[in-house]
Amino acid sequence: PLAADIPVLVVHGTADDVVPSVMSAQVARAARDLREELRLDGVGHNDAVMFGPVVAQAVARLVDEVVPA
């Protein structure tokens, strides 16, 4: 598989019935530049938390790391 040298944030819920959590964990392990793996216990693919502040804060952390001030 091809892997890119770009900063990666992997967000996944342990109760995801669309993309199994184990597959998301594999993506995280394969990422060359994993900045964060945000594992949300008991959260499904379309649960509200996926669109809320917890995920938004993780995205903001990634942006803060990779975008020059």
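Taken together, the values in this text are just the output of simple stated rules run on the coordinates, not laboratory data. Computed from a predicted structure; not experimentally measured. Every residue, glycine as well, gets a Cβ built from its backbone with ideal geometry; the counts of neighbours run over all protein chains shown.
Explain nothing, just the number: relative contact order of the chain, from Cα pairs under 8 Å at least 6 residues apart, as a whole percent.
So the answer I get is 38 percent.
Just flag the trypsin sites (Lys or Arg not before Pro) in the stretch 19-59 sitting in loop per DSSP whose Cβ has no more than 13 other Cβ atoms within 10 Å.
For trypsin sites (Lys or Arg not before Pro) across the stretch 19-59 that sit outside H, G, I, E and B with at most 13 neighbouring Cβ atoms in 10 Å, the list reads Arg32.
Tell me the label-point distance for the pair Gln26, Ala4, using the 7 Å Cα-to-Cβ offset, in nm and rounded to one decimal.
Computed distance between label sites Gln26 and Ala4 equals 2.0 nm.
Based on Cβ point charges of +1 for Lys and Arg and -1 for Asp and Glu, what charge dipole magnitude is obtained for the chain about its Cα centre, in debye rounded to the nearest 20?
So the magnitude is around 120 debye.
Computed from the coordinates I sent, Rg and Dmax of the Cα atoms in Å equals one of [x] 12.2, 35; [y] 12.5, 38; [z] 11.1, 32. Tell me the label.
Only one option fits the structure, namely [y].
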